[in-house]
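> Here it is, the structure in full.
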Amino acid sequence: MDITDADSIALRRAQLLADKQQQEAALRQSSRELVAALDPVQMVKSSIHDLAQDTEVRTDVVKVGLSIGANFLISRLLGQPDTSQKALRNVLVQTIATTLINSKAPQMIDQAMGIIKLIEQQRKQEK
C-alpha cells in the first residue's frame, strides 16, 4: 500500500491503532489466563478434577471408603477386644470384609454409577 496523501496516512494510522488495541487485548487475556493457570488453588482443583475422572482412582477411593466404613461398623458391633481371642476375631472379620469389598468394588461402583445416571435422567425429565 502506497502512502501518498494525508487521507491514506490517517486511514493507515487508524488501522494500525486498531490492530495495536486488538493485540493488547489479546495479550491482556493471555496474561490473565497464564496467571490463572499458575494459581496454586487452580492447579490443585485441576489435578483433583483429573484424578476424579480416572476410573482406577475412583475404584481405589470407593474401596478405601467401604473398608473404613466396614471396619467402623465391625468395631461398633463386636466392641473393643479385651482378650486376645476377641482381638483375633475382630481382625478375622475385618479381613474377610475387606476381601469381599475389594473383590466386589468394581461391581458396586458400576451399580452406583447406574443409579446416579438414572437419578440424573429423572431430574432432566422433570425439568
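> Within segment 83-103, is even one residue in contact with a Ser or Thr (Cβ under 6 Å, 6 or more places away or on another chain) and of a type in the set (A, V, I, L, M)?
yes
> Of all residues in segment 58-68, how many are touching a helix residue (DSSP H, G or I) at 6+ places or on another chain (Cβ under 8 Å) and either outside the structural domain of Thr95 (by TED's automatic domain parsing) or under 16 Å from Asp110 (Cβ atoms) (or both)?
Residues meeting the conditions: 5.
> Search segment 60-77 for residues that are more than 9 Å from Thr98 (Cα to Cα) and pair each with any residue that is β-branched (Val, Ile, Thr) and assigned to a helix (DSSP H, G or I) when their beta-carbon atoms are under 7 Å apart and the residues are at least 6 apart or on different chains.
Qualifying pairs under 7 Å: Val62/Ile109; Ile74/Val93.
> Which of the residues that make up segment 79-89 are at pLDDT 75 or above, surrounded by 10 or more Cβ atoms within 10 Å (Cβ to Cβ) and of a type outside the set (D, E, K, R)?
Result: Ala87, Leu88.
The values are calculated or read from the model by the stated rules, or taken from the named source; none is laboratory data. Since the model is a prediction, treat every value here as computed from it, not as a measurement. Here Cβ is always computed from backbone atoms with ideal geometry, including for glycine, and neighbour counts include all displayed protein chains.
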